[in-house]
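These notes concern the structure reproduced below.
The values are calculated or read from the model by the stated rules, or taken from the named source; none is laboratory data. Just so we're clear, the structure is a prediction, and the values are computed from it rather than from any experiment. Please note: Cβ atoms are built from the backbone with ideal geometry, for glycine as well, and neighbour counts cover all protein chains shown. Protein only, heavy atoms only, side chains kept; ligands, DNA and RNA dropped before computing areas. Shrake-Rupley method; radii C 1.70, N 1.55, O 1.52, S 1.80 Å.
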Amino acid sequence: MASKMKPAEGAMTLAEMKEFAGFSAATQRYIRRALDIGLDREDALARWSRDVVEAASIRAQARMYDRLPEVRALLPDDSGLEAIEPFMAPLITVSAFDLGQGRLPTFSAYRFLYERLIGAEVRPWLPAAFCAASALPTLHPDLRRKLLQSISEAAATASGWSTRKPAFFPYWVEKVDAAALPN
């Protein structure tokens with residue numbers, strides 16, 4: 001029996017799918033790989049590594065993502081300054097790693113990934129983490145410029161954020177031979 005979805009939920013899921021479809025193939029691949037690693041969905045090394053360089057990158061990403069449970073646990077309930085440092089420091093570090101890979105070229109791609117890795121509650125903190133990680137000297141100046149120019153004024157200065165959980169979590173889908181499908 002199919003579960004009944006409210007019309008607004010279906011529309012939001014479709015909007016998330018369209019947003020994901022608008023990302024480049026490399027960005028889509030990186031997001032799926034990151035979700036497999038960060039949410040322990042698949043054996044990311046077996047699924048995603050095409051060569052020894054990519055295997056090393058996946059291992060490094062997995063080590064970096066070991067911090068995600070800590071980030072989720074430290075997510076502040078309010079904007080009190082005493083709760084920011086223990087939360088933001090690891091979030092910025094993980095963000096800098098992902099942005100440094102060059103596969104999340106915009107704030108929207110970053111936001112799409114991180115609201116799924118950490119949860120909807122992280123949305124208010126993402127513009128600050130993105131800007132901080134994007135401005136770090138560990139990134140090439142051209143990449144820093146591109147990333148910082150990708151965040152809109154509206155995203156950087158929003159007065160409120162949705163608490164709706166993401167509905168669309170992209171997965172790897174195996175290719176199917178069309179000849180094998182029933183008519």
If Lys and Arg each add +1 and Asp and Glu each add -1, what is the summed charge of the other residues whose beta carbon sits under 15 Å from the beta carbon of Gly38?
-> +4
Within the under-12-Å Cβ sphere about Lys165, not counting Lys165, Lys/Arg +1 and Asp/Glu -1 give a net charge of -1
Kirkwood-type radius of the range 102-146, with distances r between different C-alpha atoms, in Å = 11.0
What's the carbon and sulfur percent of the chain's accessible surface, probe 1.4 angstrom, rounded to a whole number?
-> 58
Rounded to whole Å², per residue accessible area for the chain with a 1.4 Å probe reads 59
Order these peptides, 133-146, 26-39, by their mean beta-carbon neighbour count within 10 angstrom, highest first.
-> 26-39, 133-146
Computed over the chain, the relative contact order (Cα-Cα under 8 Å, seq sep at least six) in percent reads 24
Take peptides 161-168, 54-61 and line them up by average Cβ neighbours within 10 Å, highest first, as a rough protection proxy.
-> 54-61, 161-168
Highest first, please rank the peptides 83-90, 101-108, 148-155 by the mean number of other Cβ atoms sitting within 10 Å of their residues.
-> 101-108, 83-90, 148-155
Quick one: pull the percentage of alpha-carbon pairs in the chain with a separation above 24 Å.
-> 42
What helices does the chain hold that run 24 Å or longer along their axis, going by alpha-carbon atoms, with a Kyte-Doolittle average of -1.0 or more, using DSSP H for the helix calls?
-> 81-100
How far apart, in nm, are two points set 7 Å out from the Cα along the Cα-to-Cβ line at Ala132 and at Ala21?
-> 3.6
Taking only DSSP H segments of four or more residues, each worth -39500 (n - 2.57), what value at 222 nm results for the chain once the sum is divided by all its residues, to the nearest 500 deg cm²/dmol?
-> -18000 deg cm²/dmol
